[in-house]
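The values are calculated or read from the model by the stated rules, or taken from the named source; none is laboratory data. Source: prediction; values computed, not measured. With ideal geometry, Cβ positions are generated from the backbone for all residues, glycine too; neighbour counts draw on all protein chains shown.
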């Protein structure tokens, strides 16, 4: 096992806000977050900056918010690259899956615009083929590898190898918001009305599918743990519990995971307003992957 070295990283990590990284973790690992845009009526908000999850979900449950969303513009990525480039010569940008958003293309456009504006810097953009907590776990792994002293090519190679190993399973309380956003095709519409369906879904390598239709929230939680057990066993694992206005359920799931699994890292992420605009409140999920011994958790700050 390679132990973390105390070196100044030469690779800065940039992500978009769909990664749902807790602000404290993003700050600890010097990860730059580029916010998506949330539009409610004639007002525009930067995801997680101008509006916080608690305020957004309150508006959503009260029926006061009919939100739409927009990906970060190339200029916003360019500004993030410029800021990150002041501290590191090289930048790795991880984006929301290109299957769901133009975010990846926007970041690539920013790289094209960066010619001559970031002297001495190199920017690599990777489509995470993931979302939410899965993207967040990938970003944290990249930041750790950078802090261990790996160069841009090495970090990018490790990230690309990690992508297919990351699991994301989530229970949706409703499909209403996915349908309203036009993204219900992400999980293949079924015959009959979709509004009463509460699916347990999986996102893997840019493809979303329905695993089953549990009869209750408790059954969905039990099934998530069963799937983790099948895929992880007693191997060391890194886990991100996901919630959209379901903090008590997330704490319960976190406790159950902590009691049963060999967790190298375990934390809870809130779905940001932009992510919640598509899933609605009530989502509960888990992202995880097996630690194959490439690094150790960082010591407490």
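For the stretch 142-154, give me each residue that is touching a helix residue (DSSP H, G or I) at 6+ places or on another chain (Cβ under 8 Å) and either farther than 27 Å from residue 48 by Cα or surrounded by fewer than 24 Cβ atoms within 10 Å (Cβ to Cβ) (or both).
150, 154
Report those strands (runs of 3 or more DSSP E) wholly inside the stretch 211-301 carrying at least 3 residues which are surrounded by fewer than 22 Cβ atoms within 10 Å (Cβ to Cβ) and modelled with pLDDT of 95 or more.
In the stretch 211-301, 263-270 are the strands (runs of 3 or more DSSP E) which contain 3 or more residues that are surrounded by fewer than 22 Cβ atoms within 10 Å (Cβ to Cβ) and modelled with pLDDT of 95 or more.
When you scan the stretch 82-90, do you find a residue that is surrounded by 23 or more Cβ atoms within 10 Å (Cβ to Cβ) and at pLDDT 95 or above, even just one?
Taking every residue of the stretch 82-90 in turn, none turns out to be surrounded by 23 or more Cβ atoms within 10 Å (Cβ to Cβ) and at pLDDT 95 or above.
Kindly provide the set of residues from the stretch 99-110 that are at pLDDT below 95 and within 22 Å of residue 157 (Cα to Cα), ordered by number.
The one that is at pLDDT below 95 and within 22 Å of residue 157 (Cα to Cα): 99.
Could you please tell me which pairs satisfy a Cβ distance under 6 Å, a separation of 6+ or placement on different chains, a first residue in the stretch 273-289 that is more than 30 Å from residue 236 (Cβ to Cβ), and a second residue that is part of a strand (DSSP E or B)?
273/38; 273/47; 273/51; 274/38; 274/47; 274/69; 277/67; 277/69
Output the number of the condition that residue 29 fails; it satisfies all remaining conditions of (1) in contact (Cβ under 8 Å) with a residue 60 or more places away in the chain; (2) buried (at least 22 other Cβ atoms within 10 Å of the Cβ); (3) farther than 13 Å from residue 277 by Cα.
(2)
Check the stretch 116-131 and report whether any residue there is out of contact with any strand residue (DSSP E or B) (no Cβ under 7 Å at 6 or more places or on another chain), modelled with pLDDT of 95 or more and either assigned to a helix (DSSP H, G or I) or not assigned by TED's automatic domain parsing to the domain that holds residue 75 (or both).
No, there is no match, as no residue in the stretch 116-131 is out of contact with any strand residue (DSSP E or B) (no Cβ under 7 Å at 6 or more places or on another chain), modelled with pLDDT of 95 or more and either assigned to a helix (DSSP H, G or I) or not assigned by TED's automatic domain parsing to the domain that holds residue 75 (or both).
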